[in-house]
Every structure is written in C-alpha cells, then in structure tokens.
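Inspection log for the structure reproduced underneath, given as structure tokens.
Since every read-out is calculated from the coordinates, none of them should be taken as a lab result. Predicted model only: the values in this text are computed from it and were never measured. For neighbour counting, all protein chains shown are included, and Cβ atoms are generated from backbone atoms with ideal geometry for every residue, glycine included.
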Amino acid sequence: MPHDSRFRRELGQQLRVDSVRASAAAGSGHPTSSMSAADLLAVLVDGHLRLDYTDPGNPDNDHLIFSKGHASPLYYAVLKAVGAIDDAELLTFRKFGSRLEGHPTPRIPPTDVATGSLGQGLPIGVGLALAGARLDRTGYRTWVLCGDSELAEGSIWEAFNYAGWAKLANLTAIVDVNRLGQTRETMFGWDLDVYRDRALAFGWHPIEVDGHDVDAIDRAYDEAQATTDRPSVILARTVKGKGVAAVADQPGKHGKPLDDPDAAIAELGGERDLRVSVPHPEKATPHSFAAPGAAPPRYELGEQVATRAAYGKALAALGSARGDIVALDGEVSNSTHAEDFRAAHPDRYFEMFIAEQQMIAAAVGIQVRGWVPYASTFAAFLSRAYDFIRMAAISQANLRLVGSHAGVSIGQDGPSQMALEDFAAIRAVHGSCVLHPSDANQTVQLVAEMADRRGISYLRTLRAATEVRTPADEPVHIGGSRVALGPDATGAAVLACGITLPGAIDAAQRLAAEGVRVRVLDCYSIKPLDRDAVLAAADECALLVTVEDHWSEGGLGEAVLATLADANRHPTVRRLAVRGMPGSGTPAELMHAAGIDADAIVAAVRAAQEASS
C-alpha cells in the first residue's frame, strides 16, 4: 500500500542524501540533477510504478527509463530504496568493476537500456510503449524521466511527434524542469507554459505541477494514468540541488560532488534507511502472432534481381515462419522493399516516417521486450541516427539495420544520397557485423541469420539488379565468403563485395585472356571478415586487389589490411575505393570515374605486375 505524504517527503530526502553520498564516494557525478527529481521518483515508486524488482523479466512490469541518465545517483538511490541493491553497493558508484556506472546501463537490472546521451530515453520509451500497445498487448506503462535541458534535442520532438500521432496512452514523460543546464539557464527556464503549449501541439496531455509537492505529484500521476486517449507529460517545476542552500538553484554546480557532503547530509536531515515495496504486476501472457510458416524465396542462377527486392521477400517469408519478427521503415518502404513485410504482416510493421532517430530508438525499445526488429531506410540516412546506434551497443541491444541505395552506383541522385561511409561507421560499433551481399540468394540467407545474431547487424542492399551467382542451396553465413571465380588461381586475387563483384569477374576474365589467372573472392561479410579465405589468398596469390563502392577509409580494404597485419602477412595490396567527391551520372560513369569498375581492376593488376617485373 502507498504511504502517506510525510513518508514520501522523507523518502525524497533519503534519495537526495543517498545521491550526495554516492557522488561523494565516487568523487564525481551529478548530485544536484538528482536532487531536483527526488520527490518525483519518491512518489512514483511509492504507489504508481508497478515493477517486480525480483523478476525483471515479468512481461507486465512497468518500464522506467532515465532519459536524463546523468541523474544516475538518483536512479541508484531508488534501487537501494526498493531493495534491488544494498548500501555497500550504492557506494561503489563509478568505481572500476561496479555495476553502478556513471550513467545507467543494463549491467544493473532492471535497467532496460543505457542512457546518458541526452535525447534518447524518450524516443526509446516510445518503442517500449509501441511494443506494449501493439505487440505484447499487455497493461504495462512506460515512464520516462527527462531533463529540461534535453528538450532542446530534436530527437525529443521526434518522440513527441510520433507518440502523439500514435496516441500512446501507456507512455508518461516526467520532465524535471529545474531551470539550470550545465553552463547557464535553459532555453525557457521555468516557463512551463511554453512546454505545455508544445506538448498540446504534439497531441499530448500536459500536466503542470510543483515538483516538490508530493500530494500534487500523486494527483498528477493519477491523472496521467486515467488519460486513455493520448500520452501524458508531467511538467514539474523543480529546484536543482533542492534542500541544500549551498547548491540549490545555483549555477556552476552541475556535474560535480558537493563541496561539503557531510554538511549537506546534515541539512537534509541525515541518513535514513526507508524501504519501499513497489507493487508487483500480475504476470500477464504477452500476445503472440501466428506463424503459419513459409519457405524462403529461392532464385535461379542467372536471374537479375536487386538485393533490396530479395530483402523484402526474405523478410516477409521470415515473418511467416516466426511470429516475433518486426519491421520498421523510414517512409521509403517502396524502395527498401520493406513494403513486402507490411503487406504480409501489417500488425508487426511500424511506419516511422522521415524520423531516423526515432526509428532506431523505437527498434531499441521494441527489442527490450524480446521482439526481433529489422529497421530499414536509405543507407545514407542511418548516419542521422548514428548516436542511437552507438548507444544501442552500450544497451546490449539486438538490432538488424538495413540500408539500401548506397554508393556511387545509385547513379543520378548524386552524392547526398550515396552512403559511402556506412561500412566504416557500423564496423566501428562494438559487437557489430557488416554484410554486403552481391546477389539475391546471399541476401535471403543473411537476412535469416541476422535474426538470431546478438548485437548490431547491418546489411547493405543494392539499388540495381545483379546476377544471381550463388546457388540457393550453397551455405552463406555471417563471417563467410565465396570464391566466385578461379579457386586455384595464383596470379592475383580480387576481393570484391556487392556491386563491385560483377566488375571483378569481368576483369578476371579479361586478364585470363592475357594469361593472368585471377581469383575473385566475394567478401559478402565485411565484419567479421572471412579470415581464412583472405589469408589463403595472401599466401597463394602474388597480389591482392580490394575493390568497394565506399570511401577508402574504414571499409573492405582496411578490413583486409587489418586482417593481414594481425596475421603478420605482407603481400602486395592495391585498394580501389571511392576517393573523390562524386556527382550525378549513370552508375557505369560514376563507377568508372571512381576507379572501381572492371577497367580499374585490370589496370591495377597490370600496374602491379609491371612494378614487380
């Protein structure tokens, strides 16, 4: 049962004290940002949050996300108050090896996602709310604590826009309007009317409240839970550093422990050891979708098929075989071919519109509940959401990203649409894999294999149709490759991927007519690279030529060089990649100008031979 107002005020003070203590023990942290929101969290956990901390996997648990992740001392103080950690662990905050990191991560249950890069928690909360309303179809609520400073982030307003449009009544944002940012007053200070008007414009139900009046906070939470036709936002006027005169509403106190923590603790009334029994939800049975089964598509050798088209058909078939598959797209589904999944499984498809940050964040939230999301858009536009991808890895999230229309080979659209840095960007993400199939049958198998892979997986698909060269029954797997031509050739090895494979084969055939036998390796898995195949080529061939429709930095060529360096191999290597800024033109013109077509490969092999003779 919830406690009375006096208990809640005392609990708020305890949360402040423990935030001060944890930061003092660490010698760093954000106690003042924690102190402003302490009363908001005290009331939330004492009567409104439904979460079984002993069973974080309960499918009907509410979800609490600290979008203002720097207020982690408050989060950990809450965990102590509910019995999830003890006082000794609280004081390990920010210590090497501690689960209580500087910003929350899933290392400490029941933390769903990592936060700390501002502007991400609310968009992820949208994903969790979508999962609850449309996929799990259970009664859990998603609560997101936001700071007022992060409301300057565009991703926050992508979240407001989408949640209002989708009428996610199971989502409540709590905005800690404490007026002060890191260096100065926030854009709107304590002007709650500005925030109210914006929330109304985006279709939310705003509730203004004194963030230190526990009775008013209690009523606000009741009102939010009673609002069933739209999301709610609690706009709470608070004081940064509340309760300690030396820091309360004082600029320049952000992100540092208090100068005199003992005096501050005394001013707050001393240490307490109050405990809260958070209500446990009933263990609901999440909804499941029928999976009648479907065979994956198969393509005949010699067919001309775009890998983006194969992606759509493969994902639709996978969705028929597995009821946990979900697709999201950034309003380009007729180009990425995610529309094939939408047509087959409309209840598991989410149109995210032109809001790539929200799309990736929604996928992160959806996967928290065990669903298997695939998110697709033009590869170039994934760069807008790169911080969300980076943070997803810290969240230990399992995402499948699909980028189409990449490289100079897309042709006339010009460089704004030509992702030429996607391999490098995703290769740099911890635990990621980067795939670039050259034909439809490869695509089908890789799409299926991505479903069960943990971490961030990225598949680049092609705009143009390419010849099917891989038999449908030939195994294709993450970390693999295939010899497309000349398995025993030793004159040179050309390592290609995606759109550059046809040119590599053409070049090899032309060189064969000159007496130079060339091995062509189809490196459809760029990370992890097929180490054995690359080293075999290095040991058996006089020359390695890498060719890719990507900048020279960070792509296939550098992956090959890293593999050779790690294995202490020193063959002659020539890297063909895009090096000059492209413009508009036909695909053939642009690939020739970039020096990544068959002519360039032939010239590279000839030049290397002349240099060695």
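Here are the numbers for this structure:
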read-out: Rounded to 5, percent antiparallel among DSSP beta bridges of segment 483-612; value: 10 percent
read-out: Loop chymotrypsin sites (Phe, Trp or Tyr not before Pro), segment 60-117, which have at most 12 other Cβ atoms in a 10 Å radius of their Cβ (DSSP); value: Phe96
read-out: For the chain, projected area of the alpha-carbon convex hull averaged over all directions, nm²; value: 28.7 nm²
read-out: Rel. contact order, % - alpha carbon contacts under 8 angstrom, at least six apart, segment 304-467; value: 30 percent
read-out: Partners for Lys95 among aspartates and glutamates (Cα-Cα distance below 19 Å; same-chain residues under 8 apart left out); value: Asp18, Asp86, Asp87
read-out: Mean Cβ count within 10 Å, highest first, over the residues of peptides 3-10, 414-421; value: 414-421, 3-10
read-out: Kyte-Doolittle mean at least -1.0, axial Cα span of 27 Å or more - DSSP H helices of the chain; value: 5-26
read-out: Order by protection proxy (mean Cβ within 10 Å, highest first), peptides 573-579, 195-201; value: 573-579, 195-201
read-out: Per-peptide average of other Cβ atoms within 10 Å, ordering 587-595, 321-329 highest first; value: 321-329, 587-595
read-out: Beta bridge orientation in segment 5-267: antiparallel %, DSSP, nearest 5; value: 5 percent
read-out: Sorted by Cβ neighbour density within 10 Å, fewest at the top, the residues Thr228, Thr238, Thr142; value: Thr228, Thr238, Thr142
read-out: DSSP beta bridges in segment 304-467 [antiparallel fraction, %, rounded to 5]; value: 10 percent
read-out: Taking Ile207, Ile366, Ile85 and counting other C-beta atoms within 10 Å, the order from fewest to most; value: Ile85, Ile207, Ile366
read-out: Value of D in µm² per second that Stokes-Einstein yields for segment 338-497, Kirkwood Rh from Cα pairs, at 4 °C (1.567 mPa s); value: 77 µm²/s
read-out: At most 10 other Cβ within 10 Å, DSSP loop - trypsin sites (Lys or Arg not before Pro), segment 280-315; value: none
read-out: Segment 5-267: equivalent-ellipsoid semi-axes (sqrt of 5 x gyration tensor eigenvalues, Cα, Å); value: 27, 21, 17
read-out: Packing-based exposure ordering (other Cβ within 10 Å, fewest first) of His280, His477, His30; value: His477, His280, His30
read-out: Exceeding the 21 Å Cα-Cα cut-off - candidates Lys80/Lys253; Lys68/Lys256; Lys313/Lys527; value: Lys80/Lys253; Lys313/Lys527
read-out: Residue-averaged [θ]222 nm for the chain, counting only DSSP H segments that reach four residues, each worth -39500 (n - 2.57); value: -11000 deg cm²/dmol
read-out: Kirkwood estimate for segment 1-103, i.e. one over the average of 1/r between Cα atoms, Å; value: 13.8 Å
